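**Student:** I have a structure here, written as C-alpha coordinates, and I will follow up with some questions on it.
The values are calculated or read from the model by the stated rules, or taken from the named source; none is laboratory data. Nothing here was measured: the structure is a model prediction, and the numbers come from that model. Using ideal geometry, Cβ is built from the backbone for each residue, glycine included, and neighbour counts are taken over all protein chains shown. To get the accessible areas, we keep the full protein, side chains included, count just its heavy atoms, and leave off ligands, DNA and RNA. Shrake-Rupley method; radii C 1.70, N 1.55, O 1.52, S 1.80 Å.
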Amino acid sequence: MTNQTLKICSVVGARPNFIKIAPFCHALETLNNDVGRKGSIHHILVHTGQHYDDRMSQAFFDELNIPHADINLGIGSGSHAEQVGKTMIEFEKVIREIRPDWIVVVGDVNATCACSIVAKKEQVRLAHIEAGLRSFDMEMPEEINRLVTDRLSDLLFATDRIAVRHLLNEGVPQSRIFMVGNIMIDTLEKNRSIIEKMELSEIIRSNAINRTSGFRTNDLDGNYALVTLHRPPNVDNNEKLSEIISFVCDELSREMPVIWPIHPRTRKQLDAMNLWERLSRYPNVAWLNPLGYHSILKANMSARVVLTDSGGMQEECCVLGTPCLTLRPNTERPVTLIEHGGVSKLVGNDVTQIRHGFRELSDMPRKPSRPEFWDGHTAERIAGHLIEYSSR
Ligand code: UD1
(Lines give C-alpha, C1' and ligand atoms only; values in the text may rest on other atoms or scores of the structure.)
Protein backbone atom coordinates (compact mmCIF):
# COMPACT_ATOMS: atom_id res chain seq x y z
CA MET A 1 0.00 0.00 0.00
CA THR A 2 3.03 2.26 0.39
CA ASN A 3 2.98 3.76 -3.11
CA GLN A 4 -0.76 4.10 -3.37
CA THR A 5 -2.93 6.69 -1.64
CA LEU A 6 -5.42 5.30 0.84
CA LYS A 7 -8.48 7.52 1.14
CA ILE A 8 -10.11 7.35 4.58
CA CYS A 9 -13.26 9.29 5.36
CA SER A 10 -14.07 9.58 9.09
CA VAL A 11 -17.40 10.78 10.40
CA VAL A 12 -18.28 12.66 13.58
CA GLY A 13 -21.63 14.06 14.63
CA ALA A 14 -22.05 14.54 18.35
CA ARG A 15 -19.96 15.49 21.37
CA PRO A 16 -18.68 12.03 22.38
CA ASN A 17 -17.55 11.40 18.78
CA PHE A 18 -15.15 14.34 18.88
CA ILE A 19 -13.31 12.92 21.90
CA LYS A 20 -12.97 9.56 20.12
CA ILE A 21 -11.85 10.84 16.72
CA ALA A 22 -9.06 13.12 18.00
CA PRO A 23 -6.50 10.36 18.67
CA PHE A 24 -7.42 8.59 15.40
CA CYS A 25 -6.74 11.79 13.40
CA HIS A 26 -3.40 12.17 15.18
CA ALA A 27 -2.46 8.51 14.61
CA LEU A 28 -3.15 8.83 10.86
CA GLU A 29 -1.14 12.04 10.76
CA THR A 30 1.81 10.30 12.42
CA LEU A 31 1.63 7.37 9.99
CA ASN A 32 1.41 9.77 7.09
CA ASN A 33 4.62 11.44 8.20
CA ASP A 34 6.52 8.13 8.34
CA VAL A 35 9.41 8.19 5.92
CA GLY A 36 8.33 5.11 3.99
CA ARG A 37 4.72 6.22 3.75
CA LYS A 38 4.94 9.97 3.23
CA GLY A 39 1.58 11.35 2.15
CA SER A 40 0.09 7.95 1.34
CA ILE A 41 -2.99 8.50 3.50
CA HIS A 42 -5.62 11.03 2.51
CA HIS A 43 -7.86 11.62 5.50
CA ILE A 44 -11.16 13.44 5.03
CA LEU A 45 -13.10 14.42 8.14
CA VAL A 46 -16.87 14.86 7.83
CA HIS A 47 -18.93 16.54 10.61
CA THR A 48 -22.62 15.80 10.25
CA GLY A 49 -23.54 18.82 12.41
CA GLN A 50 -25.81 16.84 14.78
CA HIS A 51 -24.23 18.82 17.65
CA TYR A 52 -23.70 22.43 16.59
CA ASP A 53 -23.45 24.71 19.67
CA ASP A 54 -19.90 25.97 20.17
CA ARG A 55 -19.81 24.43 23.64
CA MET A 56 -20.94 21.04 22.29
CA SER A 57 -18.76 21.02 19.19
CA GLN A 58 -16.16 23.65 18.18
CA ALA A 59 -14.77 23.87 21.74
CA PHE A 60 -13.78 20.19 21.47
CA PHE A 61 -12.11 20.66 18.09
CA ASP A 62 -10.06 23.53 19.54
CA GLU A 63 -9.12 21.88 22.82
CA LEU A 64 -8.29 18.49 21.34
CA ASN A 65 -6.51 19.83 18.30
CA ILE A 66 -8.81 18.07 15.86
CA PRO A 67 -8.25 19.25 12.30
CA HIS A 68 -11.00 21.45 10.95
CA ALA A 69 -13.72 19.24 9.40
CA ASP A 70 -13.31 19.13 5.62
CA ILE A 71 -17.07 18.94 5.18
CA ASN A 72 -19.95 19.91 7.50
CA LEU A 73 -23.35 18.49 6.56
CA GLY A 74 -25.19 20.99 8.82
CA ILE A 75 -27.87 18.53 9.92
CA GLY A 76 -28.72 20.02 13.34
CA SER A 77 -31.57 18.92 15.60
CA GLY A 78 -34.68 16.94 14.81
CA SER A 79 -36.44 13.68 15.51
CA HIS A 80 -34.39 10.51 15.09
CA ALA A 81 -35.81 9.83 11.63
CA GLU A 82 -35.15 13.42 10.58
CA GLN A 83 -31.55 13.34 11.82
CA VAL A 84 -30.80 9.92 10.29
CA GLY A 85 -32.66 10.64 7.04
CA LYS A 86 -31.13 14.07 6.43
CA THR A 87 -27.66 12.77 7.27
CA MET A 88 -28.04 9.89 4.80
CA ILE A 89 -29.16 12.21 2.00
CA GLU A 90 -26.27 14.64 2.49
CA PHE A 91 -23.61 12.02 3.22
CA GLU A 92 -24.51 10.03 0.09
CA LYS A 93 -23.71 13.10 -2.05
CA VAL A 94 -20.35 13.48 -0.32
CA ILE A 95 -19.42 9.81 -0.75
CA ARG A 96 -20.37 9.81 -4.43
CA GLU A 97 -18.06 12.74 -4.90
CA ILE A 98 -15.03 11.64 -2.89
CA ARG A 99 -15.23 7.81 -3.28
CA PRO A 100 -13.08 6.87 -0.27
CA ASP A 101 -11.52 3.43 0.30
CA TRP A 102 -12.84 3.39 3.87
CA ILE A 103 -15.51 5.07 5.92
CA VAL A 104 -14.67 5.10 9.63
CA VAL A 105 -17.45 5.71 12.15
CA VAL A 106 -17.22 5.98 15.94
CA GLY A 107 -19.58 5.29 18.83
CA ASP A 108 -23.35 4.98 18.63
CA VAL A 109 -24.98 8.30 17.80
CA ASN A 110 -27.44 8.92 14.96
CA ALA A 111 -24.61 10.12 12.69
CA THR A 112 -22.82 6.77 13.20
CA CYS A 113 -25.81 4.73 12.10
CA ALA A 114 -26.81 6.99 9.18
CA CYS A 115 -23.32 7.06 7.66
CA SER A 116 -22.87 3.30 8.10
CA ILE A 117 -25.96 2.63 6.00
CA VAL A 118 -24.72 4.98 3.29
CA ALA A 119 -21.28 3.34 3.32
CA LYS A 120 -22.74 -0.08 2.68
CA LYS A 121 -25.21 1.06 0.03
CA GLU A 122 -22.39 2.84 -1.77
CA GLN A 123 -20.22 -0.26 -1.37
CA VAL A 124 -17.46 1.49 0.51
CA ARG A 125 -15.68 -0.52 3.21
CA LEU A 126 -16.79 0.39 6.72
CA ALA A 127 -14.84 0.33 9.99
CA HIS A 128 -16.47 0.87 13.39
CA ILE A 129 -14.50 2.16 16.36
CA GLU A 130 -16.16 1.06 19.64
CA ALA A 131 -17.83 -2.05 18.24
CA GLY A 132 -19.62 -4.74 20.23
CA LEU A 133 -21.08 -2.68 23.07
CA ARG A 134 -24.56 -3.96 23.95
CA SER A 135 -27.09 -2.83 26.57
CA PHE A 136 -29.68 -5.31 25.19
CA ASP A 137 -32.19 -2.49 25.68
CA MET A 138 -34.00 -1.80 22.42
CA GLU A 139 -35.66 1.26 23.94
CA MET A 140 -32.30 3.02 23.65
CA PRO A 141 -31.79 4.67 20.25
CA GLU A 142 -28.06 4.12 20.71
CA GLU A 143 -28.57 0.33 20.94
CA ILE A 144 -30.30 0.36 17.55
CA ASN A 145 -27.45 2.46 16.15
CA ARG A 146 -24.88 0.03 17.55
CA LEU A 147 -26.63 -3.05 16.13
CA VAL A 148 -27.06 -1.56 12.65
CA THR A 149 -23.49 -0.26 12.53
CA ASP A 150 -21.87 -3.49 13.69
CA ARG A 151 -24.01 -5.60 11.36
CA LEU A 152 -22.77 -3.54 8.40
CA SER A 153 -19.11 -3.08 9.37
CA ASP A 154 -16.23 -4.81 7.59
CA LEU A 155 -13.80 -4.13 10.42
CA LEU A 156 -14.91 -4.01 14.04
CA PHE A 157 -12.65 -2.42 16.65
CA ALA A 158 -13.81 -3.59 20.07
CA THR A 159 -13.09 -1.95 23.41
CA ASP A 160 -12.95 -5.06 25.62
CA ARG A 161 -13.36 -8.83 25.71
CA ILE A 162 -17.07 -8.71 26.60
CA ALA A 163 -17.70 -6.66 23.44
CA VAL A 164 -15.72 -9.19 21.39
CA ARG A 165 -17.88 -11.97 22.82
CA HIS A 166 -21.07 -10.16 21.81
CA LEU A 167 -19.85 -9.82 18.23
CA LEU A 168 -18.85 -13.47 18.01
CA ASN A 169 -22.24 -14.50 19.45
CA GLU A 170 -23.90 -12.46 16.68
CA GLY A 171 -21.93 -14.37 14.06
CA VAL A 172 -19.26 -11.82 13.14
CA PRO A 173 -16.19 -13.74 11.90
CA GLN A 174 -13.23 -13.52 14.29
CA SER A 175 -11.02 -12.33 11.41
CA ARG A 176 -12.91 -9.02 11.22
CA ILE A 177 -12.83 -8.26 14.96
CA PHE A 178 -9.87 -6.53 16.61
CA MET A 179 -9.77 -6.03 20.35
CA VAL A 180 -7.94 -2.70 20.53
CA GLY A 181 -9.02 -1.09 23.83
CA ASN A 182 -10.79 2.18 24.46
CA ILE A 183 -9.94 5.14 22.26
CA MET A 184 -11.50 7.65 24.71
CA ILE A 185 -8.80 6.73 27.17
CA ASP A 186 -6.14 7.75 24.60
CA THR A 187 -7.58 11.26 24.80
CA LEU A 188 -7.69 11.19 28.58
CA GLU A 189 -4.07 10.08 28.89
CA LYS A 190 -2.84 12.59 26.33
CA ASN A 191 -4.53 15.45 28.18
CA ARG A 192 -4.00 14.30 31.78
CA SER A 193 -1.12 16.64 32.62
CA ILE A 194 -2.99 19.70 31.28
CA ILE A 195 -6.09 18.71 33.27
CA GLU A 196 -4.19 18.18 36.52
CA LYS A 197 -2.88 21.74 36.41
CA MET A 198 -6.33 23.34 36.06
CA GLU A 199 -8.14 25.26 38.81
CA LEU A 200 -11.61 24.02 39.64
CA SER A 201 -12.73 27.38 41.05
CA GLU A 202 -11.85 29.04 37.73
CA ILE A 203 -13.82 26.40 35.81
CA ILE A 204 -16.88 27.09 37.95
CA ARG A 205 -16.51 30.85 37.68
CA SER A 206 -16.15 30.89 33.91
CA ASN A 207 -18.92 28.38 33.15
CA ALA A 208 -21.58 29.35 35.68
CA ILE A 209 -25.06 29.94 34.35
CA ASN A 210 -25.96 33.33 35.77
CA ARG A 211 -28.57 31.70 38.00
CA THR A 212 -25.76 30.27 40.16
CA SER A 213 -25.26 32.46 43.22
CA GLY A 214 -23.61 32.09 46.59
CA PHE A 215 -21.76 28.86 45.66
CA ARG A 216 -18.54 28.62 47.69
CA THR A 217 -15.58 27.38 45.68
CA ASN A 218 -13.05 26.94 48.50
CA ASP A 219 -12.24 23.50 49.98
CA LEU A 220 -14.01 21.69 47.16
CA ASP A 221 -11.24 19.24 46.29
CA GLY A 222 -12.41 15.65 46.82
CA ASN A 223 -15.53 16.83 48.57
CA TYR A 224 -18.34 17.38 46.05
CA ALA A 225 -20.69 15.51 43.78
CA LEU A 226 -20.55 15.99 39.99
CA VAL A 227 -23.90 15.46 38.23
CA THR A 228 -24.59 15.14 34.48
CA LEU A 229 -27.84 13.97 32.89
CA HIS A 230 -29.07 14.00 29.31
CA ARG A 231 -30.85 10.72 28.51
CA PRO A 232 -34.52 11.01 27.52
CA PRO A 233 -35.85 8.65 30.26
CA ASN A 234 -34.25 10.93 32.88
CA VAL A 235 -34.80 14.38 31.45
CA ASP A 236 -37.70 14.33 28.97
CA ASN A 237 -40.28 13.44 31.58
CA ASN A 238 -41.17 16.36 33.89
CA GLU A 239 -42.12 14.18 36.82
CA LYS A 240 -38.94 12.10 36.70
CA LEU A 241 -36.70 15.13 36.25
CA SER A 242 -38.43 16.91 39.18
CA GLU A 243 -37.87 13.89 41.43
CA ILE A 244 -34.18 13.68 40.56
CA ILE A 245 -33.76 17.43 41.02
CA SER A 246 -35.45 17.29 44.42
CA PHE A 247 -33.08 14.53 45.49
CA VAL A 248 -30.02 16.44 44.28
CA CYS A 249 -31.07 19.82 45.69
CA ASP A 250 -32.94 18.92 48.87
CA GLU A 251 -30.88 15.91 50.00
CA LEU A 252 -27.53 15.56 48.27
CA SER A 253 -26.60 19.25 48.36
CA ARG A 254 -27.15 19.33 52.13
CA GLU A 255 -24.38 16.74 52.51
CA MET A 256 -21.86 18.10 49.99
CA PRO A 257 -21.60 20.76 47.29
CA VAL A 258 -22.93 19.76 43.87
CA ILE A 259 -21.57 20.75 40.45
CA TRP A 260 -24.03 20.22 37.59
CA PRO A 261 -23.14 21.09 33.98
CA ILE A 262 -26.46 21.17 32.12
CA HIS A 263 -26.78 19.44 28.72
CA PRO A 264 -28.84 21.40 26.12
CA ARG A 265 -31.54 18.75 26.17
CA THR A 266 -31.91 19.09 29.97
CA ARG A 267 -31.67 22.87 29.74
CA LYS A 268 -34.62 22.99 27.33
CA GLN A 269 -36.67 20.90 29.72
CA LEU A 270 -35.80 23.07 32.73
CA ASP A 271 -36.68 26.20 30.75
CA ALA A 272 -40.01 24.67 29.72
CA MET A 273 -40.76 23.69 33.31
CA ASN A 274 -40.00 27.22 34.57
CA LEU A 275 -37.83 25.79 37.29
CA TRP A 276 -34.88 28.20 37.27
CA GLU A 277 -36.13 30.54 39.93
CA ARG A 278 -36.54 27.67 42.36
CA LEU A 279 -33.19 26.13 41.43
CA SER A 280 -31.19 29.30 41.96
CA ARG A 281 -32.25 29.27 45.62
CA TYR A 282 -29.92 26.35 46.40
CA PRO A 283 -26.55 27.92 47.25
CA ASN A 284 -24.76 24.57 47.43
CA VAL A 285 -25.47 23.69 43.78
CA ALA A 286 -23.41 25.22 40.96
CA TRP A 287 -25.41 25.20 37.69
CA LEU A 288 -22.97 25.30 34.81
CA ASN A 289 -23.11 25.45 31.03
CA PRO A 290 -21.85 22.31 29.24
CA LEU A 291 -18.16 22.05 30.07
CA GLY A 292 -15.26 21.62 27.69
CA TYR A 293 -13.25 18.40 27.67
CA HIS A 294 -10.47 19.47 30.03
CA SER A 295 -12.90 21.07 32.46
CA ILE A 296 -15.25 18.11 32.80
CA LEU A 297 -12.30 15.79 33.32
CA LYS A 298 -10.91 18.10 36.01
CA ALA A 299 -14.33 18.15 37.68
CA ASN A 300 -14.41 14.33 37.54
CA MET A 301 -10.84 13.91 38.81
CA SER A 302 -11.47 15.98 41.93
CA ALA A 303 -15.02 14.79 42.74
CA ARG A 304 -15.95 12.54 45.65
CA VAL A 305 -18.74 10.94 43.64
CA VAL A 306 -20.23 11.23 40.15
CA LEU A 307 -23.93 10.83 39.29
CA THR A 308 -24.38 10.42 35.56
CA ASP A 309 -26.24 8.72 32.71
CA SER A 310 -23.34 9.16 30.27
CA GLY A 311 -21.54 6.04 29.03
CA GLY A 312 -18.34 7.97 28.36
CA MET A 313 -18.21 9.37 31.89
CA GLN A 314 -18.67 5.87 33.28
CA GLU A 315 -15.50 4.87 31.41
CA GLU A 316 -13.59 7.94 32.54
CA CYS A 317 -14.62 7.31 36.17
CA CYS A 318 -13.28 3.76 35.79
CA VAL A 319 -9.79 4.94 34.82
CA LEU A 320 -9.77 7.92 37.22
CA GLY A 321 -11.26 5.83 40.05
CA THR A 322 -14.14 8.21 40.91
CA PRO A 323 -17.08 6.31 42.48
CA CYS A 324 -19.88 6.56 39.90
CA LEU A 325 -23.64 6.20 40.34
CA THR A 326 -25.02 5.40 36.90
CA LEU A 327 -28.64 6.58 36.61
CA ARG A 328 -29.65 3.90 34.13
CA PRO A 329 -31.23 0.45 34.44
CA ASN A 330 -28.50 -1.15 32.31
CA THR A 331 -25.21 -0.43 30.64
CA GLU A 332 -23.44 -1.40 27.43
CA ARG A 333 -20.15 -0.92 29.31
CA PRO A 334 -20.18 -3.65 32.00
CA VAL A 335 -16.38 -3.57 32.42
CA THR A 336 -16.84 -0.29 34.31
CA LEU A 337 -19.10 -1.84 36.97
CA ILE A 338 -17.92 -2.64 40.50
CA GLU A 339 -18.56 -6.37 39.92
CA HIS A 340 -16.06 -6.29 37.02
CA GLY A 341 -13.41 -4.37 38.96
CA GLY A 342 -14.61 -0.83 38.11
CA VAL A 343 -16.27 1.86 40.25
CA SER A 344 -19.72 2.20 38.73
CA LYS A 345 -23.05 1.08 40.19
CA LEU A 346 -26.30 0.96 38.22
CA VAL A 347 -29.10 2.65 40.18
CA GLY A 348 -31.72 3.42 37.50
CA ASN A 349 -33.75 6.59 38.00
CA ASP A 350 -35.81 5.67 41.02
CA VAL A 351 -34.92 8.02 43.89
CA THR A 352 -35.00 5.30 46.58
CA GLN A 353 -32.36 3.35 44.69
CA ILE A 354 -30.30 6.47 43.92
CA ARG A 355 -30.33 7.39 47.63
CA HIS A 356 -29.30 3.88 48.60
CA GLY A 357 -26.50 3.83 46.00
CA PHE A 358 -25.30 7.22 47.15
CA ARG A 359 -25.00 6.00 50.76
CA GLU A 360 -22.94 3.06 49.52
CA LEU A 361 -20.61 4.97 47.20
CA SER A 362 -20.15 8.41 48.74
CA ASP A 363 -17.53 7.16 51.20
CA MET A 364 -15.91 4.64 48.88
CA PRO A 365 -12.22 5.43 48.32
CA ARG A 366 -11.10 6.27 44.78
CA LYS A 367 -10.06 3.11 42.96
CA PRO A 368 -8.57 3.67 39.50
CA SER A 369 -8.63 0.58 37.29
CA ARG A 370 -7.54 -0.11 33.76
CA PRO A 371 -9.25 -2.76 31.64
CA GLU A 372 -7.00 -4.53 29.14
CA PHE A 373 -5.60 -2.20 26.43
CA TRP A 374 -7.14 0.95 27.96
CA ASP A 375 -3.58 2.20 27.85
CA GLY A 376 -3.57 5.32 25.65
CA HIS A 377 -2.44 3.47 22.48
CA THR A 378 -5.75 2.32 21.00
CA ALA A 379 -5.72 4.73 18.04
CA GLU A 380 -2.28 3.53 16.93
CA ARG A 381 -3.52 -0.06 16.99
CA ILE A 382 -6.61 0.86 14.97
CA ALA A 383 -4.66 2.81 12.34
CA GLY A 384 -2.14 -0.04 12.08
CA HIS A 385 -4.84 -2.69 11.55
CA LEU A 386 -6.65 -0.52 9.01
CA ILE A 387 -3.53 -0.04 6.92
CA GLU A 388 -2.53 -3.68 7.22
CA TYR A 389 -6.04 -4.90 6.28
CA SER A 390 -6.14 -2.57 3.27
CA SER A 391 -2.99 -4.09 1.84
CA ARG A 392 -4.41 -7.63 1.90
C1 UD1 B 1 -26.72 12.53 21.60
C2 UD1 B 1 -26.56 11.03 21.33
C3 UD1 B 1 -26.14 10.34 22.63
C4 UD1 B 1 -24.92 11.00 23.24
C5 UD1 B 1 -25.21 12.49 23.42
C6 UD1 B 1 -24.05 13.25 24.03
C7 UD1 B 1 -28.03 10.04 19.62
C8 UD1 B 1 -29.21 9.18 19.41
N9 UD1 B 1 -27.81 10.43 20.89
O10 UD1 B 1 -27.79 12.73 22.48
O11 UD1 B 1 -25.82 8.99 22.34
O12 UD1 B 1 -24.61 10.40 24.49
O13 UD1 B 1 -25.53 13.05 22.15
O14 UD1 B 1 -24.37 14.61 24.17
O15 UD1 B 1 -27.34 10.36 18.67
N16 UD1 B 1 -28.92 20.51 21.15
C17 UD1 B 1 -28.52 21.82 21.28
N18 UD1 B 1 -27.25 22.11 20.92
C19 UD1 B 1 -26.38 21.18 20.42
C20 UD1 B 1 -26.83 19.85 20.31
C21 UD1 B 1 -28.10 19.54 20.67
O22 UD1 B 1 -29.25 22.68 21.72
O23 UD1 B 1 -25.25 21.52 20.08
C24 UD1 B 1 -30.30 20.15 21.52
C25 UD1 B 1 -31.07 19.63 20.33
O26 UD1 B 1 -31.78 20.65 19.76
C27 UD1 B 1 -31.97 18.56 20.92
C28 UD1 B 1 -31.27 18.17 22.18
O29 UD1 B 1 -30.26 19.11 22.45
O30 UD1 B 1 -33.23 19.09 21.23
C31 UD1 B 1 -30.71 16.79 22.08
O32 UD1 B 1 -29.77 16.66 21.02
P33 UD1 B 1 -29.65 15.31 20.18
O34 UD1 B 1 -28.61 15.41 19.15
O35 UD1 B 1 -31.01 14.89 19.75
O36 UD1 B 1 -29.22 14.19 21.20
P37 UD1 B 1 -28.47 14.17 22.60
O38 UD1 B 1 -29.49 14.08 23.68
O39 UD1 B 1 -27.42 15.22 22.72
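**Student:** Using alpha-carbon pairs under 8 Å, 6+ residues apart, how would you state the relative contact order of the chain in percent?
**Tutor:** 15 percent.
**Student:** So what are the ³J(HN,Hα) numbers for the range 300-313, from phi and the Karplus equation (6.51, -1.76, 1.60; θ = phi - 60°), rounded to whole Hz, Gly and Pro as x?
**Tutor:** 5, 4, 9, 7, 7, 8, 10, 10, 8, 10, 8, x, x, 5
**Student:** Specify the angular offset, from 0 to 90 degrees and rounded to the nearest 10, of the alpha carbon long axis of helix 141-152 from the longest principal axis of the alpha carbons in the chain.
**Tutor:** Computed tilt is about 20 degrees.
**Student:** Given H placed on each backbone N at 1.01 Å, which residues far from M179 in sequence or on other chains put an amide H within less than 5 Å of it?
**Tutor:** Residues meeting the amide H criterion: A158.
**Student:** Please give the charge dipole size of the chain, origin at the Cα centre, charges +1 on K and R Cβ atoms and -1 on D and E Cβ atoms. Round to the nearest 20 debye.
**Tutor:** Dipole about the Cα centre, nearest 20: 240 debye.
**Student:** So what is the 222 nm mean residue ellipticity for the chain from helices alone, if each DSSP H run of at least 4 adds -39500 (n - 2.57) and you divide by all residues, rounding to the nearest 500 deg cm²/dmol?
**Tutor:** Here the helix-only value at 222 nm equals -12500 deg cm²/dmol.
**Student:** Shifting gears a bit: Once you sort the root eigenvalues of the Cα gyration tensor of the range 264-322 as a ≥ b ≥ c, which label holds: rounded (a/c under 1.5), prolate (a/b larger than b/c) or oblate (the other case)?
**Tutor:** It comes out prolate by the Cα gyration axes.
**Student:** Using each residue's phi in the range 186-194, evaluate 6.51 cos²θ - 1.76 cosθ + 1.60 at θ = phi - 60° and report the 3J(HN,Hα) Karplus result to the nearest Hz, with x for Gly and Pro.
**Tutor:** 4, 5, 4, 5, 5, 9, 4, 5, 5
**Student:** Starting from the Cα of K298, draw a straight line to each of the lysines and keep only those under 30 Å, dropping any in the same chain fewer than 8 residues away.
**Tutor:** K20, K190, K197, K240, K268, K345, K367
**Student:** Measure off, as a whole percent, the carbon and sulfur share of the 1.4 Å-probe accessible area of the chain, all protein chains present.
**Tutor:** Carbon and sulfur together cover 48 percent of it.
**Student:** Sequence-distant or interchain residues sharing an amide H contact under 5 Å with L126, placed H: which?
**Tutor:** Correct list: I103, D154, L155.
**Student:** Oh, and also: Per residue, how much accessible area does the chain have with a 1.4 Å probe, in Å²?
**Tutor:** For the chain, the solvent-accessible area averages 41 Å² per residue.
**Student:** Using the Karplus curve 6.51 cos²θ - 1.76 cosθ + 1.60 with θ = phi - 60°, what ³J(HN,Hα) values do you get for each residue of the range 76-90, in whole Hz, with x for Gly and Pro?
**Tutor:** Calculated HN-Hα couplings, in order: x, 7, x, 5, 4, 4, 5, 4, 5, x, 5, 4, 4, 4, 6 Hz.
**Student:** Taking amide H positions as placed in the peptide plane 1.01 Å from N, state which residues far from I44 in sequence (5 or more) or on other chains have amide H under 5 Å from it.
**Tutor:** I8, C9, S10
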